[in-house]
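For reference, the structure discussed in these notes is given below.
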Amino acid sequence: MTNTTHASHGASAGGAYAFTRNGYTRTYIHDLTADDVESAKVYGRDDETIGSISSLMIGADDKITDAVIDVGGFLGMGAHAVKVPFSGLTILRKADGSDVRVHLDTTKDRLKAMPHHKN
């Protein structure tokens, strides 16, 4: 029995997919700090770890526009960095605030096939 379910395969607010996980609630950008999200593991559509957020990109309006996700590699070495729209991420926070999970409706292979993002 898995602890994770996909509430739907359709897009929810902001283009993110409606992932759910027992003990976690959906968290929105206005409830987060950069420290909450940077370095967080990113999980794919089947709840597998597909990477981690290495940095956030801020627009002219001082809002987060994109996340840079490191895919593959070991201890940060040899990772393939890709840029994805922040609005495509679903962010869940444990009820007691001790953990943040970032979900993206894709796979590790699809991220690796994306163009490399150069800082």
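The values are calculated or read from the model by the stated rules, or taken from the named source; none is laboratory data. Remember, predicted model here, so these are calculated numbers, not experimental data. Virtual Cβ from ideal backbone geometry, glycine too; neighbours counted across all protein chains shown.
Brief remarks follow.
- Taking the numbered list (1) farther than 21 Å from Tyr28 by Cα; (2) loosely packed, with under 15 Cβ neighbours inside 10 Å in turn, Arg110 passes all entries but (2).
- Residue count for region 1-45 under the criterion of being at pLDDT below 85 and among the β-branched types (Val, Ile, Thr): the result is 6.
- Taking region 22-61 as the region of interest, the strands (runs of 3 or more DSSP E) fully inside it that hold 2 or more residues being under 12 Å from Thr90 (Cβ atoms) and out of contact with any Pro (no Cβ under 6 Å at 6 or more places or on another chain) are 24-27, 41-43.
- Search result, residues across region 59-97 that are among the aliphatic types (A, V, I, L, M) and at pLDDT 90 or above: Ala60, Ala67, Val68, Ile69, Val71, Ala81, Val82, Val84, Leu89, Ile91, Leu92
- The set of residues in region 74-89 that are part of a loop (DSSP other than H, G, I, E, B) and either touching a residue at least 24 places away in the same chain (Cβ under 8 Å) or within 18 Å of Thr106 (Cα to Cα) (or both) comprises Ala79, Leu89.
- Against the conditions (1) over 30 Å from Gly23 (Cβ atoms); (2) touching a residue at least 12 places away in the same chain (Cβ under 8 Å), Ala95 satisfies every one except (1).
- Residue count, region 100-119 (criterion: assigned to a loop (DSSP other than H, G, I, E, B) and touching a residue at least 40 places away in the same chain (Cβ under 8 Å)): 6
- Considering residues of region 87-104 that are among the charged types (D, E, K, R) and touching a strand residue (DSSP E or B) at 6+ places or on another chain (Cβ under 9 Å) only, the residue nearest to Val37 (Cα to Cα): Arg101
Rundown of residues vs (1) farther than 25 Å from Asp109 by Cβ; (2) surrounded by 12 or more Cβ atoms within 10 Å (Cβ to Cβ); (3) free of Cβ contacts under 8 Å to residues at least 40 places away in the same chain, yes/no style:
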position	(1), (2), (3)
Asn22	yes, no, yes
Ile29	yes, yes, no
Asp35	yes, no, yes
Glu38	no, yes, yes
Val42	no, yes, no
Asp47	no, yes, no
Ser52	no, yes, yes
Asp62	yes, no, yes
Gly72	no, yes, no
